DNA sequence: GTTACCATTGGAACAAGTTCCACTACATTG
DNA sequence: CAATGTAGTGGAACTTGTTCCAATGGTAAC
């Protein structure tokens, strides 16, 4: 079908090695020979097979990314950072979308293989102990984004501190009855998601430090989604003594809380202050106070780490923490009673 | 490094062909030999190289997708449909994100190569005449999603009819001063985007059929984004005789219009009716009336077509049109004067 | 006792590049 | 003038798995 290096060699009346040298810009070719080979290459529309090169070099120039629920705005933004960085270095991005435990396990087992990719990025999916061992056995570079695991590189934020930041903001506004809405254990356990749990830890730290009671009724956990958060917030707001502020583990969930207030005819922030997390695109439009984390940058940084490891560097397996930032908009205010 | 088929053959004391036959489930191996080979394979943790297999078979089990601005909700949803379908058939998805004319051209030139992928899906990016010829020359299966081109398969919607549907809805509500906000030519031309333009065509058809004047001041074109739409809508709404309804070529742009009404203290739909396009996730929350198109399905269908072509089928190069649906929510009503 | 046939097996050739050794000229050095 | 050096070149060997032809051993039929 397509012309091969042998076709070129034959047509140009030279040896295989000479064509290869021309292709690889070796100086050990006379100008006349080089030109003749280049002419034939142009004439035959010869393009070296990426495949054969890959087989020889043992490098695929491909990075695999395993991402859960890649329609989530936060995941997308990270992927964008990854793609931009990889494309800038001539690397391809293969995406594996995980939406079930089976698929997660299958990806962790099958994707990290040297004949598939040169490195693996995993978003929000920390591997278990045995999986970490298996990853090490492959000798492939692995970088975690938005999560961490011992012995592996990671790029993430300090979710506990971020949770404290959000909660402290509400406490300092004068709120005493503060709620939290995050992901349900049963669901995060499936994928080992930790962000929501850690933000919740930060939430509790601040409440306790402020001498505020942690009321179970003010803590709602459900599947990560607008609808579930809406239901949870509704319950909370219908309590005899409802919270005056709620911290949501994500903007998506904050959106559900906003819906619930609307359903009940409540006003934000007069009746309820809301803080979200991520600062997704729509947050600005909605005037949502939120904790912004560098999503694009986390992906870009993770991709840079992978590329440097592919290039042979072996950085220490530490977790890099990117800074978060509180973005104050209209959804937070002192409580009405204050 | 990793064990090869030769290592297995040597350790099992059999020939290369025998190991290959075991791997390929050939019946021409005695049970005893098969078991011995399988034992050695397990012992050496041998895994066949995907790479070498690819070189032999000439198949990469990979489909490339070229997508513009893949953070857009509509593109993401299509990608999700593509990924789900490909993963279900053991195919990998390589994503190329296009955000500039250079990158678009580079992708169209370099991605469709047999040694990179078995097929190419292109979202919203119709190739030009010379590029179509080049695509045909590669013999690679190509399917367009959300666009069409002669000689190529496509999966899209009838954007003109959809534009008519949206506009007719406004006309039938009694609106006489109807605006349109869509993508600027200068920007769509870069990528050959056609959706906005065609929806605008439908818009004009209906206005003319209804005997309504097409006023240039009621037609705004800008870069596809919330902010740009907001600016355009603001201008329109500040006219001495502003439109009583606006049709936006996308929900993202409809969002900008919503923002503009809010900026000006106007109420939707009392002062202004708005119809968007796509029915993205947030549209429901915002109560936006919109034209829903099957995004996930378009990706899934495109992927199915590619897979069937990879399997050897050569369907006629026709464009499949998926149905659209008007989703009526709270952002549309008869004009105040009616 | 042959001949015929089949199940089973081994391994060369191949896919499309890269690497590297060997060889040819010609030039420089002693 | 011989010895050494080197730029330029050719092509075998190699990467890993598949394909296919040839060969083996044994059984069955005549």
Take the residues of the range A:73-93 that are farther than 23 Å from residue A:279 by Cα and surrounded by fewer than 21 Cβ atoms within 10 Å (Cβ to Cβ): which is nearest to the other protein chains (Cβ to nearest Cβ)?
A:87
Report whether or not residue B:70 is in contact with a strand residue (DSSP E or B) (Cβ under 7 Å, 6 or more places away or on another chain), within 12 Å of another protein chain (Cβ to nearest Cβ) and at pLDDT below 90.
yes
Residue A:11 versus (1) exposed (fewer than 15 other Cβ atoms within 10 Å of the Cβ); (2) more than 46 Å from the chain's Cα centre (by Cα): which is the lone unmet condition?
(1)
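Residue-wise test of (1) over 26 Å from residue A:76 (Cα atoms); (2) touching a strand residue (DSSP E or B) at 6+ places or on another chain (Cβ under 6 Å).
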{"site": "A:258", "(1), (2)": "no, no"}
{"site": "A:261", "(1), (2)": "yes, no"}
{"site": "A:264", "(1), (2)": "yes, no"}
{"site": "A:277", "(1), (2)": "no, yes"}
Just to verify a result, which residue in the range A:124-148, among those that are in contact (Cβ under 8 Å) with a residue 24 or more places away in the chain and within 14 Å of chain B (Cβ to nearest Cβ), is nearest to the chain's Cα centre (by Cα)?
A:140
Could you tell me whether residue B:48 is in a loop (DSSP other than H, G, I, E, B) and either under 24 Å from residue B:311 (Cβ atoms) or in contact with a helix residue (DSSP H, G or I) (Cβ under 7 Å, 6 or more places away or on another chain) (or both)?
yes
For residues in the range A:218-233 being surrounded by 20 or more Cβ atoms within 10 Å (Cβ to Cβ) and part of a helix (DSSP H, G or I), which is modelled with the lowest pLDDT?
A:226
Could you check the range A:22-36 and list, in sequence order, the residues that are exposed (fewer than 12 other Cβ atoms within 10 Å of the Cβ) and within 9 Å of DNA strand D (Cβ to nearest atom)?
A:27, A:28, A:30, A:31, A:32
Return only the number of the condition from (1) under 30 Å from residue A:244 (Cβ atoms); (2) crowded, with 21+ Cβ neighbours inside 10 Å that residue A:323 does not satisfy.
(2)
Restricting attention to the range A:1-45, and to residues there that are within 7 Å of DNA strand C (Cβ to nearest atom) and part of a loop (DSSP other than H, G, I, E, B), which single residue is farthest from residue B:53 (Cα to Cα)?
A:24
Just to verify a result, which residue in the range A:128-156, among those that are in contact with a strand residue (DSSP E or B) (Cβ under 8 Å, 6 or more places away or on another chain), in a loop (DSSP other than H, G, I, E, B) and surrounded by fewer than 22 Cβ atoms within 10 Å (Cβ to Cβ), is modelled with the highest pLDDT?
A:152
Members of the range A:283-301 found to be more than 11 Å from the chain's Cα centre (by Cα) and within 14 Å of chain B (Cβ to nearest Cβ), listed by number:
A:283, A:284, A:285, A:286, A:287, A:288
I'd like to check which helices (runs of 4 or more DSSP H) are fully inside the range A:234-338 and have at least 2 residues that are over 28 Å from residue A:82 (Cα atoms).
A:251-263
Do we find a residue being over 25 Å from residue B:207 (Cα atoms) and surrounded by 22 or more Cβ atoms within 10 Å (Cβ to Cβ) anywhere in the range B:162-171?
no
Within the range B:100-115, the residues that are at the interface with chain A (Cβ under 10 Å from one of its Cβ atoms) and in contact with a strand residue (DSSP E or B) (Cβ under 7 Å, 6 or more places away or on another chain) are B:107, B:111
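Condition check ((1) modelled with pLDDT under 90; (2) within 19 Å of the chain's Cα centre (by Cα); (3) away from DNA strand D (no atom under 16 Å from the Cβ)) across all residues:
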| residue | (1), (2), (3) |
| --- | --- |
| B:5 | no, no, no |
| B:20 | no, no, no |
| B:55 | yes, no, no |
| B:78 | no, yes, yes |
| B:84 | no, yes, yes |
| B:88 | no, yes, yes |
| B:105 | no, yes, yes |
| B:117 | no, yes, yes |
Filter pass, residue B:189 being part of a helix (DSSP H, G or I), farther than 20 Å from residue B:317 by Cα and more than 17 Å from the chain's Cα centre (by Cα)
yes
Among the residues of the range B:46-65, is any more than 14 Å from DNA strand C (Cβ to nearest atom), within 14 Å of another protein chain (Cβ to nearest Cβ), more than 30 Å from residue B:299 (Cα to Cα) and out of contact with any strand residue (DSSP E or B) (no Cβ under 9 Å at 6 or more places or on another chain)?
yes
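The values are calculated or read from the model by the stated rules, or taken from the named source; none is laboratory data. Computed from a predicted model, the values in this text were never measured in an experiment. Please note: Cβ atoms are built from the backbone with ideal geometry, for glycine as well, and neighbour counts cover all protein chains shown.
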